[in-house]
Amino acid sequence: MQLLKDRILKDGIVKAGNVLKVDSFLNHQIDVELMDEIGKEFKRLFDGKPITKILTIEASGIAVACFAAQYFRVPVVFAKKAQSINLDGESYTTKIESFTHKRVYDVIVSKKYLSTEDHVLIIDDFLANGCALVGLIDLVKAAGATVEGVGIVIEKGFQKGGDEIRATGIDLKSLAVIESMDDKTGNIVFRAE
Ligand code: 5GP
């Protein structure tokens, strides 16, 4: 998605440790016009699939998922990071290791909001090593629902998540795939489409 790539080149800041900061339009301040175009693009990419719910994880995935959901006309469910899990049988739970915060979270979704009838599009802001995505896929499977696809705003193609998840046969599409980035020069190179 050229509009997104241009914005990453203009405002993205490459930090040490393979972290791309996009706080000015995605992760802190949100550019709603860009977000709307992102929502439309996800609709175009996954059009025709029988999607009933969009699943994401708090916090940064929520805005993206909501903009996409307007076009799919389905609810958004966001997995919550829990301090402690209450094993009362009312939630699906999994563990996710945060790439940016370097800690493991228990993540939950209430059984009320995912069921065997659901066809789920998973959406997230970034894909790095794939922990967040694997956790979200686990939650969909625990519910007996179907993963129809995964939409990612920015994939760091030099980390392993994208390759591993595509190898499982899941329909994973990223709007911008970064092939390499350098915190010394600030240089960002995208994968050719
Ligand atoms: P993964 O679980 O794939 O290793 O990492 C995905 C999650 O970590 C995303 O939900 C995102 O919140 C965060 N993340 C990973 N890499 C980056 C990055 O380079 N920049 C930002 N802003 N977030 C990232």
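Laboratory data are not the source of any read-out in this text; all were calculated from the coordinates shown. Keep in mind that this is a model prediction, so the values were computed, not measured. Counting neighbours? That spans all protein chains shown, and the Cβs are built from the backbone with ideal geometry, glycine included.
Observations on the model:
- Projected onto their three principal axes, the Cα atoms of region 1-150 cover extents of 47, 37, 21 Å, largest first.
- Surface/4 of the Cα convex hull for region 42-122, nm²: 5.9 nm²
- Computed from phi, the 3J(HN,Hα) profile of region 102-116 under the Karplus parametrisation 6.51, -1.76, 1.60 (θ = phi - 60°) reads 6, 9, 9, 10, 7, 10, 10, 9, 5, 5, 5, 10, 9, 9, 4 Hz, with x in place of Gly and Pro.
- Whole-Å distance, taken between Cα centres, linking region 32-93 and region 97-162: 10 Å
- Förster-model FRET efficiency, 25 Å R0, residue 82 and residue 129, C-beta, rounded to 0.05: 0.70
- Normalised by residue count, region 4-78 yields a Cα convex hull volume of 100 Å³ per residue.
- Region 90-167: C-alpha gyration tensor shape, a/c 1.5 cut-off, then a/b vs b/c: oblate
- A simple rule links phi to the HN-Hα coupling: the Karplus curve 6.51 cos²θ - 1.76 cosθ + 1.60 with θ = phi - 60°, which for region 133-144 gives 5, 4, x, 5, 4, 4, 5, 5, 5, 4, 7, x Hz, with x for Gly and Pro.
- Taking every DSSP beta bridge that has both ends in region 36-193, the antiparallel portion is near 40%.
- The antiparallel fraction among DSSP beta bridges confined to region 34-123 stands at about 60%.
- Computed from backbone phi with θ = phi - 60° and the Karplus coefficients 6.51, -1.76 and 1.60, the 3J(HN,Hα) list for region 53-70 is 8, 10, 10, 9, 10, 5, 9, 5, x, 5, 4, 4, 4, 5, 5, 5, 4, 4 Hz; x is used for glycine and proline.
- Three-way shape label, region 95-137, alpha-carbon gyration tensor, a/c 1.5: oblate
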